[in-house]
Amino acid sequence: MSVKSLRQTVQGLLPSLTPVRFVAEDGTPVARPSADYAEPPVGALLEAWRRMVLGRRFDTQATALTKQGRLAVYPSSRGQEACQIGAVLALRPDDWLFPTYRDSVALVTRDIDPVEVLTLLRGDWHCGYDPAATRVAPQCTPLATQVLHATGMAESLRRKGEDGVAMALVGDGATSEGDFHEALNFAAVFRAPVVFFVQNNKYAISVPLARQTAAPALAYKGIGHGVRSEQVDGNDLVAVLAVLTAAVEHARAGNGPVLVEAHTYRMDAHTNADDATRYREDDEVERWREADPVDRLETYLRSRGALTDEDVAALREEAEELAARVRAGLNADSVLDPLELFDHVYADPTPQLREQRAQLAAELAETTQAQED
């Protein structure tokens with residue numbers, strides 16, 4: 001390879017020096033938006049804004065349900081709505097999504113029943129929806145393991161001659177895991193059609209980004225593996241949707257994987273069991289509150305004459321209806337069969353598992369008989 005070709009190859013992998021942005025924090029258009037990406041049409045932005053408002057209301061309702069004991073835990077994504085919604089809207093229905101435990105809003109945007117989304121966090125099942133039917137993998141709690149799964153799925157789609165794409169959602173903490181780098185390397189070598197979307201919300205639970213990496217941006221981690229990389233303002237839905245749409249199409253066209261880092265912020269604590277005041281200051285949170293992605297997009301759409309007070313009021317009513325459905329679904333007691341503990345552990349249950357199941361069945365029968373007597 002000539003020096004000129006090598007230089008072009010390297011430049012093709014490099015992310016933008018600063019995060020791609022179309023809309024400033026105050027909702028006004030930036031003076032010089034990136035010429036490398038096309039701004040999504042107004043209709044797509046209106047649908048994204050609608051999904052963001054509904055997602056925000058779902059998120060706050062789920063947080064409230066943890067305080068009522070209806071959920072065991074809930075990792076809020078408040079402040080990351082542009083990432084959650086932008087990721088899903090960049091995909092086709094037949095593409096695959098591999099989410100983390102924090103990506104419940106993305107699943108709701110994928111039109112999965114909100115109550116089914118919360119089944120895992122309620123403690124009823126490992127997954128409340130059908131991954132094959134929805135093309136959404138179960139929400140992953142271990143860091144970065146789903147990145148390997150996404151890469152494997154993408155490679156299987158490629159080998160079967162399908163034009164589907166897989167997208168793996170990860171947090172900044174996952175980029176410190178070996179699985180993350182193994183997935184990137186494999187995807188680059190085999191040109192698997194996968195997009196790695198890193199939501200850099202600045203903290204891996206309580207560990208700040210500066211304690212995880214000395215790289216100028218997480219997007220640069222793709223270069224060493226030969227993965228095309230980009231970084232984007234993760235609170236600017238317009239930019240997120242533009243960049244991810246381009247990344248998905250790049251992968252779909254057979255050009256290999258893409259790594260996109262979104263600079264965003266987790267407004268709430270890691271989960272309802274976390275005390276974020278122990279590792280970050282209130283002033284920091286307030287600074288990021290000024291960059292709220294929902295307010296930013298609403299202001300931008302209003303400035304373009306695409307949104308009215310009536311539209312906002314109607315959507316708020318729709319959001320309250322969604323919250324009511326979530327409350328009703330979660331307030332209903334689950335009907336559970338204890339013997340389901342043994343389902344889906346192995347395709348063919350082991351002798352030990354059959355024995356344990358029989359023991360539990362006998363104990364349950366004995367308890368039922370005693371209650372009847």
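Condition check ((1) hydroxyl-bearing (Ser, Thr, Tyr); (2) over 24 Å from residue 319 (Cα atoms); (3) out of contact with any helix residue (DSSP H, G or I) (no Cβ under 7 Å at 6 or more places or on another chain)) across all residues:
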| residue | (1), (2), (3) |
| --- | --- |
| 92 | no, yes, yes |
| 120 | no, no, yes |
| 135 | no, yes, yes |
| 167 | no, yes, no |
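Residues that are over 40 Å from the mean Cα position of the chain (by Cα) and of a type in the set (Val, Ile, Thr) within region 347-372 comprise 367, 368, listed in sequence order. Looking across 103, 95, one residue alone is open to solvent by less than 30 Å² (accessible area, probe 1.4 Å), touching a Lys or Arg at 6+ places or on another chain (Cβ under 7 Å) and of a type in the set (D, E, K, R). It is 95. Here the condition is being surrounded by fewer than 24 Cβ atoms within 10 Å (Cβ to Cβ) and either modelled with pLDDT under 95 or part of a helix (DSSP H, G or I) (or both); of 128, 86, it holds for 128 alone.
Mind listing whichever residues of region 25-57 are surrounded by fewer than 19 Cβ atoms within 10 Å (Cβ to Cβ), hydrophobic (A, V, I, L, M, F, W, C) and in contact with a Phe, Trp or Tyr (Cβ under 9 Å, 6 or more places away or on another chain)? Hit for region 25-57 is 30, nothing else.
Can you confirm whether region 233-251 contains a residue that is in a loop (DSSP other than H, G, I, E, B) and more than 28 Å from residue 28 (Cβ to Cβ)? No, that holds for no residue. Does residue 155 satisfy being among the acidic types (Asp, Glu) and in contact with a Phe, Trp or Tyr (Cβ under 7 Å, 6 or more places away or on another chain)? Spelling it out, residue 155 is indeed among the acidic types (Asp, Glu) and in contact with a Phe, Trp or Tyr (Cβ under 7 Å, 6 or more places away or on another chain).
Restricting region 152-185 to residues that are aliphatic (A, V, I, L, M) and in a helix (DSSP H, G or I), which is most open to solvent (accessible area, probe 1.4 Å)? Walk me through it before giving the result.
Step one: list which residues in region 152-185 are aliphatic (A, V, I, L, M), which gives 153-154, 157, 165-170, 174, 183-184.
Next cut, in a helix (DSSP H, G or I) only: 153-154, 157, 174, 183-184.
Details: 153: 49, 154: 0, 157: 3, 174: 5, 183: 0, 184: 0 Å².
Among those residues, the one meeting the criterion is 153.
Of the helices (runs of 4 or more DSSP H) that lie entirely inside region 269-359, those containing 2 or more residues that are of a type outside the set (A, V, I, L, M), in contact (Cβ under 8 Å) with a residue 60 or more places away in the chain and touching a strand residue (DSSP E or B) at 6+ places or on another chain (Cβ under 9 Å) span 293-303.
Filtering region 254-270 for residues that are open to solvent by less than 10 Å² (accessible area, probe 1.4 Å), small (Gly, Ala, Ser) and under 27 Å from residue 165 (Cα atoms) leaves a non-empty set. For region 176-190, does any single residue satisfy the condition of being in contact (Cβ under 8 Å) with a residue 24 or more places away in the chain and within 16 Å of residue 264 (Cα to Cα)? For region 176-190, residues in contact (Cβ under 8 Å) with a residue 24 or more places away in the chain and within 16 Å of residue 264 (Cα to Cα): absent.
The values are calculated or read from the model by the stated rules, or taken from the named source; none is laboratory data. Remember, predicted model here, so these are calculated numbers, not experimental data. Cβ atoms come from the backbone with ideal geometry, glycine included; neighbour counts cover every protein chain shown. Only protein heavy atoms, including side chains, enter the accessible area calculation; ligands, DNA and RNA are left aside. Shrake-Rupley method; radii C 1.70, N 1.55, O 1.52, S 1.80 Å.
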